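Student: Next up is a structure, given as structure tokens.
The values are calculated or read from the model by the stated rules, or taken from the named source; none is laboratory data. Just so you know, these numbers come straight off a predicted model, no measurement behind them. FYI the Cβ positions are ideal-geometry reconstructions off the backbone, even for glycines, and counts take in every protein chain you see.
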Amino acid sequence: MIATLSKIARVGVITEPARPSSDAELEKVGTEIRGVIDRRFRGSLAIRQVDAGSCNGCELEIHALNNAFYDIERFGIHFVASPRHADILLVTGPVSRHMQHALLTTYQSTPDPKWVIAVGTCAADGGEFGVSYASCGAVSNVVPVDAVIPGCPPKPLHLLEGIMSLISRSV
Ligand code: SF4
């Protein structure tokens, strides 16, 4: 114990300082989005995420929106388990042939009015996978798409900006 304490005293803190728990750009976009959601969606926007064939790179960035740094629930955005509760489908792709029917069913199960956002280069145009025996390519080849958030993968802040852009013009 004494050896451990003396080593701590000798070495000191060697880890990198923690990032601040928020940054100005995130707060700016978040405050804007909170205002739109309060005015137009009665304070709550529900998103169902659909992985239609992604490599999971896009999912990592989408999941980050719920971590302690981004914490987007404070802006009124909630991820939901059922498309029946969703306002927006956030779809990553390319759409694999195996997921084509599931994506279409999910779209049909989402109540109107609804919007679809294609997230990432693969969802936008099929990316390097294109259209093949295994891939339908872009999300828009399977269901109507209202907005595209490009990137491979898009950063969480870009995801928020894309959602903001859609809901600002769509209602
Ligand atoms: S856009 Fe990039 S990160 Fe997203 S699914 Fe395609 S390859 Fe993966």
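Student: Starting from residues that are out of contact with any strand residue (DSSP E or B) (no Cβ under 8 Å at 6 or more places or on another chain) and at pLDDT 95 or above, keep the ones in the stretch 111-126 and report whichever is surrounded by the fewest Cβ atoms within 10 Å (Cβ to Cβ).
Tutor: Checking each candidate, the answer is Asp112.
Student: Given the options Ala124, Ala102, Ala86, name the one that is within 11 Å of the ligand (Cβ to nearest atom) and in contact (Cβ under 8 Å) with a residue 24 or more places away in the chain.
Tutor: Residue meeting the stated conditions: Ala124.
Student: Taking the stretch 134-150 on its own, how many of its residues are surrounded by fewer than 17 Cβ atoms within 10 Å (Cβ to Cβ) and within 11 Å of the ligand (Cβ to nearest atom)?
Tutor: Selection size over the stretch 134-150: 1.
Student: For the stretch 63-110, give me each residue that is modelled with pLDDT of 95 or more, farther than 19 Å from Ile37 by Cβ and small (Gly, Ala, Ser).
Tutor: Of everything in the stretch 63-110, those that are modelled with pLDDT of 95 or more, farther than 19 Å from Ile37 by Cβ and small (Gly, Ala, Ser) turn out to be Ala64, Ala81, Ser82, Ser96, Ala102, Ser109.
Student: On the given criteria, is Gly76 over 21 Å from Pro154 (Cβ atoms), away from the ligand (no atom under 16 Å from the Cβ) and in contact with a Gly (Cβ under 9 Å, 6 or more places away or on another chain)?
Tutor: no
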